[in-house]
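Q: Before we start, here is the structure in question, set down as structure tokens.
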Amino acid sequence: VKLNWAERWVVNNPSRVLQQHLEILWYQKHAPARKYAKILEFGCGRGAGARLVRQKFKPDLLCAQDLDYEMIVKAGRYLTGDEKIYISSSVGDAYMFPFVDDAFDAVFGFGVLHHIPDWQTALSEVSRVLAPGGVYFMEELYPQLYQNAVTKHILLHPTENRFTSRELKQTLTDMGFEVNACLEFKLAGLLAVLTKTV
Ligand SMILES: C[S@@+](CC[C@H](N)C(=O)[O-])C[C@H]1O[C@@H](n2cnc3c(N)ncnc32)[C@H](O)[C@@H]1O
């Protein structure tokens, strides 16, 4: 689901960059020590997260994808020519990433899964494109935050098949992800670093 005006304002905002900056510092602290040569960021929005991921994790290649063509146009403007040597941005749907199995050392998803009606299919795609031992860096929100009495009138999200903390964690375990670190804000959302074990 693409963003409505309200959420576009929330994510295309300097305070969002600061939040992602702090989150990436937390990810760095908890990331397994290894080289992250190839990274995918899905639902990259205007590219602010991609810039920070490149600065901190220094991949050889970062593929930044978003379902929304307008976001990719914004990313094209936001990222500098030097950054585009390492970051390739393109339209892509998390239901079917245009990449072979085991293609990436890490996948980042900042606030994307809860925008996807069939989030389980997107998660299985994340697992498919991650190499064994690859790491999934996740930031996600729960419906208690984005579909409460106030936010449901302002924000636009799928309404069926929503995950709470318990369902998300159970599905990740069933898909073979191991939790390296998790910072959870009850009824709001979580940050997690997860390793693909199978
Ligand atoms: C809340 S925004 C987050 C944007 C950016 N990651 C950030 O943190 O600022 C969610 C993004 O996911 C994208 N999106 C929604 N469904 C998607 C899908 N099926 N595949 C890829 N991207 C998707 C939206 O277009 C939107 O840019």
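Q: Among the residues of region 40-62, how many are outside any helix (DSSP H, G or I) and within 19 Å of residue 17 (Cα to Cα)?
A: 10
Q: Looking only at residues that are polar (S, T, N, Q) and in contact (Cβ under 8 Å) with a residue 12 or more places away in the chain in region 156-198, which one is nearest to residue 27 (Cα to Cα)?
A: Once the filter is applied, the top-ranked residue is 180.
Q: What are the residue pairs meeting all of these: first residue in region 75-103, first residue part of a loop (DSSP other than H, G, I, E, B), second residue charged (D, E, K, R), Cβ atoms under 6 Å, and 6 or more apart or on different chains?
A: 86/54; 94/125; 97/125; 101/128
Q: Something else now. Provide a single number: the residues in region 35-52 that are in contact with a Gly (Cβ under 8 Å, 6 or more places away or on another chain) and away from the ligand (no atom under 11 Å from the Cβ).
A: Residues flagged as in contact with a Gly (Cβ under 8 Å, 6 or more places away or on another chain) and away from the ligand (no atom under 11 Å from the Cβ) within region 35-52 amount to 0.
Q: Within region 11-29, can you find the residues that are in contact with a helix residue (DSSP H, G or I) (Cβ under 7 Å, 6 or more places away or on another chain), within 27 Å of residue 156 (Cβ to Cβ) and either of a type in the set (Asp, Glu) or more than 9 Å from the ligand (Cβ to nearest atom) (or both)?
A: Residues satisfying the conditions are 21, 24.
Q: Using the structure shown, decide if residue 180 is of a type outside the set (Gly, Ala, Ser), within 23 Å of residue 132 (Cα to Cα) and either in contact with a helix residue (DSSP H, G or I) (Cβ under 9 Å, 6 or more places away or on another chain) or not in a loop (DSSP other than H, G, I, E, B) (or both).
A: Yes, satisfied.
Q: Out of (1) more than 12 Å from the ligand (Cβ to nearest atom); (2) touching a helix residue (DSSP H, G or I) at 6+ places or on another chain (Cβ under 7 Å); (3) of a type outside the set (Val, Ile, Thr), what's the single condition that is false for residue 127?
A: Failed condition: (2).
Q: Out of region 78-107, which residues are within 17 Å of residue 175 (Cβ to Cβ) and crowded, with 20+ Cβ neighbours inside 10 Å?
A: 94, 97, 104, 106, 107
Q: Among what's in region 129-166 and is at pLDDT 95 or above and more than 15 Å from the chain's Cα centre (by Cα), pick the residue that is surrounded by the fewest Cβ atoms within 10 Å (Cβ to Cβ).
A: Of everything passing the filter in region 129-166, 132 is surrounded by the fewest Cβ atoms within 10 Å (Cβ to Cβ).
Q: Within region 185-194, does at least one residue satisfy the condition of being crowded, with 18+ Cβ neighbours inside 10 Å, farther than 21 Å from residue 32 by Cβ and out of contact with any Pro (no Cβ under 7 Å at 6 or more places or on another chain)?
A: So far as region 185-194 goes, yes, one or more of its residues are crowded, with 18+ Cβ neighbours inside 10 Å, farther than 21 Å from residue 32 by Cβ and out of contact with any Pro (no Cβ under 7 Å at 6 or more places or on another chain).
Q: Inspect all residues belonging to region 116-133 and state whether any of them is in contact (Cβ under 8 Å) with a residue 60 or more places away in the chain and touching a His at 6+ places or on another chain (Cβ under 7 Å).
A: no
Q: Moving on to the next point. So which residues in region 1-32 are modelled with pLDDT of 95 or more and in a loop (DSSP other than H, G, I, E, B), if there are any at all?
A: 31, 32
The values are calculated or read from the model by the stated rules, or taken from the named source; none is laboratory data. No experiment lies behind these values; they were computed from the predicted model shown. Note that we place each Cβ from the backbone using ideal geometry, even for glycine, and neighbour counts take in every protein chain shown.
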